[in-house]
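Report on the structure given below.
What follows is calculated from the coordinates using simple rules that are stated; it is not laboratory data. Computed from a prediction, not measured in an experiment: that's the story for all the values here. In this analysis, Cβ positions are derived from the backbone assuming ideal geometry, glycine residues included, and neighbour counts consider all displayed protein chains.
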Amino acid sequence: MSRRLRVNPIACEAHGMCAELLPERITLDEWGYPLISGEPLEPSLVQNALRAAQACPTFALIVERDRDDGRR
Amino acid sequence: MSLTLAASGPSLYWYLTRSTGAVALLLLTVAIALGVVDVERFSTPRWPRFVLDSLHRNVSLLAMVFLALHILTSVLDSFAPISLVDAFVPFTGAYRPFWLGLGAVAFDLLLAVTVTSLLRRRMGFASWRAVHWLTYASWPVALLHGFGTGSDVKSGWLLALSIGCLAIVAGAVLARVLRGWPANLGRRSAAIAGAGAFSLFVLLWLPGGPLGSEWARRSGTPASLLGTRQDSTASSAGRR
Amino acid sequence: MSSPASAITEPPSGRDGDPAGTLPRLLAGIRPHGTMTLEEHLSVHGSPPSVASRGRRRGRDGAEMLIDEIDRAGLLGRGGAAFPTAVKLRAVARARGRPIVLANGAEGEPASLKDRTLMEMLPHLVLDGAILAAEAVGAGEIIVCACESSGASLRSMQSAIAERAQSRDSGPHGRRPKLQVVEVPGHYVAGEESALVNHLGGGPAIPTYRPPMPFEQGLRRRPTLIDNVETLAHIALIARHGAAWFRQLGTAGQPGSTLVTLSGPVVHPGVYEIEHGASLTSLIEAGGGTTARVRGALLGGYAGSWIGAERLHGVALSSEHLAAHDASLGAGIVLLLSEEACPVAETARVSRWLAGQSAGQCGPCVNGLDSLAGTLAEIAAGAAPARATQRIERLAALVSRRGACGHPDGAVNLILSALQAFAADFAEHARHGRCERCLRAAELPLPSRTAGSAATAGTAGRR
């Protein structure tokens, strides 16, 4: 079971805490909005990713599990 | 046990109530200031956003812990007839009902804020935010409660602390209002006017009110307790 | 600049929608003016089949049979996304909860007229399809969504529903689904599926974040089938004549006929029915030919792609052929640009409009489209910063797939295809500034200010 990051672009207000807490996977564009790759998270990063999702003031960052059938 | 304590001086609980109350006020002040810092999205390389945001959340929770201790010790303190109910239901107590009641109001508001913040993820952002505004309402109520109920309000350090906190919160409100000026001009002007009016009111009221003579009687201390060493008409009792 | 002239459709020229599989099909029997009544509709197309009884006769589930037929026909959605209709039907049918059907006639695309034309003139075809789709998925309620600016289609759909309520001949359906017409705002993103659901649920007509998808949890958290009104019209005919009939026209990958809105410098702009794979030339001929030399064609509307004049010859209107040009028909829009117009100025103008049509919810869209429009305006004015084209490409990469809906992606598509198709004009502008054609009246149709923008529809103003 792998986990991926995704962002709800409507909820996102460019606070940028996610990029502070998970710089390995999240960078900010010139307007402060997160750039996230959709690849599965390495197991060593999952804890920090969950922390980053917790820290997001608007709950825009989501750490989701892949469903078993490969669909998200 | 309590009779002996009464005979020998202000009880331990009285000291704890006063001190935890003062600390709670201070922590709430810092929490509000940090909340504004949060919304202003202030950060430095050494103080990234997530740190300041965590600080805001943790200081707020700590304030609630001290608030809980404050309430507990005031109930346990046998000097004044304060029951646990008085902490939740305002204006029904026997001891300085109005001023104590303000404390219950502030506590109720903060309880709503705390519970909704702990259950944020289940609520939806918009509802959570709407309740969170109540913090601005709870603070002035808490301050007035402190001035009105405190039997040592004339003591220099507590007065200085309270006025200092007032200055910090007024400054935080000003900073918050100025951000995004002049959008929603009506609400912003009302906020500034309200903060200014409240500060002015406090400064004008204090001398003739809590700092004035016979405040204990005027504020609703039960007659049986008046004249004992723990009310503010006594010149030296209660002062550290 | 007014929108394209109201639909002028070809007279049937002796053919009607017979099972011989020729054109016109949807437009068969259409009157030059006025709505086709229920009686006329039934005389041209016959009664719609009963899904339930057909199933009973074969000893199978009638709804499954209908979906299988639509699957075999290979019907793709006509709202622009070309999603396989049968897949959508099955997904809704299998989802938990009693489904609702939305007939999407919102048509926020300025250069498209087919949906309002269909609703205004052939409402019973749309209703037949909607009712059949409702039976296929087990829905008890159908909501027809019409653009608030198109009073004629609103009234026409309402009258058609009233007609059916009075008549008993509209179909041997046991329990009829509840039918109603609802107005939808006219701004660009209002017709997007989640925006439609949002609006009908009492919110603003702007997209929401997905998951969950509307087919699983849409209006009132129930599975919601959202089909373009033309798609439903095709279902009405496939149910009558079958998949093989449907496939007699069109290509293997894009079977059947489709409605296109032809506009620009042609004698008779309007709505035409073509078979997929028809040549662009034949469409223009049907439209009476051009009235000016053509500089390029925009296919698919303002989320679509430009094809320069030099490559237009031999272009066939099907996804397979157009893929070679990085283009698609989208919601059946063919917009011609004359040589009188300046493609750079027009692109700048449309991209500014598209930026304004952003719902304003997602940072990359709001900021990105604004920056893109700004840069294009600078290029058009000859005040382009150095490496403006690279900036546009960089912005395009920053914007794509980072919004909650496809709006920014469509705008990027339009802009990048314009840079390619009109590379010479862009280079000229960057060097020399405005050309003489910039001063002429704008050609590409955009709604007037009163049509409203997504922002006034009530966006989240949390910034």
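See the values below:
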| item | result |
| --- | --- |
| Debye equation applied to the C-alpha atoms of the stretch C:257-338, log10 I(q)/I(0) at 0.11, 0.27 Å⁻¹ | -0.22, -1.61 |
| More than 25 angstrom apart: percent of Cα pairs within the stretch C:323-426 | 17 percent |
| Distance histogram in 10 Å bins (all Cα pairs of the stretch C:14-171, percent per bin) | 10, 35, 41, 13, 1 |
| Kirkwood-based Rg to Rh ratio, the protein assembly as shown, C-alpha trace | 1.12 |
| Residues of type aspartates and glutamates that B:Lys154 reaches as a straight line, Cα spacing below 20 Å, ignoring anything fewer than 8 places off in the same chain | B:Glu214, B:Asp231 |
| Chain B: translational diffusion in µm²/s, Stokes-Einstein, Kirkwood Rh over Cα pairs, 37 °C, 0.692 mPa s | 173 µm²/s |
| Relative contact order of chain C, defined on C-alpha pairs under 8 angstrom at six or more residues apart (%) | 17 percent |
| Using θ = phi - 60° and Karplus 6.51 cos²θ - 1.76 cosθ + 1.60, couplings along the stretch A:45-61 (whole Hz; Gly, Pro as x) | 9, 4, 4, 5, 5, 5, 5, 4, 5, 5, 6, 4, x, 10, 6, 7, 8 |
| Computed over chain C, the ratio Rg/Rh where both radii use C-alpha atoms and Rh is Kirkwood | 0.97 |
| Sequence-distant lysines (8 or more away, or on other chains) whose Cα lies within less than 24 Å of C:Lys88 | C:Lys114, C:Lys178 |
| Under Karplus coefficients 6.51, -1.76 and 1.60, residue-wise ³J(HN,Hα) of the stretch C:197-202 in Hz, glycine/proline x | 4, 4, 5, 5, x, x |
| Phi-based couplings in Hz for the stretch B:98-108 (Karplus 6.51, -1.76, 1.60; Gly and Pro marked x) | 5, 6, 5, x, 4, x, 5, 4, 4, 5, 4 |
| Residues with amide H under 5 Å from that of C:Gly79, placed H, sequence gap 5 or more | C:Asn228 |
| Cleavage-rule hits (chymotrypsin sites (Phe, Trp or Tyr not before Pro)) in the stretch B:132-191: DSSP loop, at most 16 neighbouring Cβ within 10 angstrom | B:Trp133 |
| The stretch A:3-65: mean projected area of Cα convex hull, nm² | 3.7 nm² |
| Candidates per trypsin sites (Lys or Arg not before Pro) in the stretch C:78-157, loop by DSSP, up to 11 other Cβ within 10 Å | C:Arg96 |
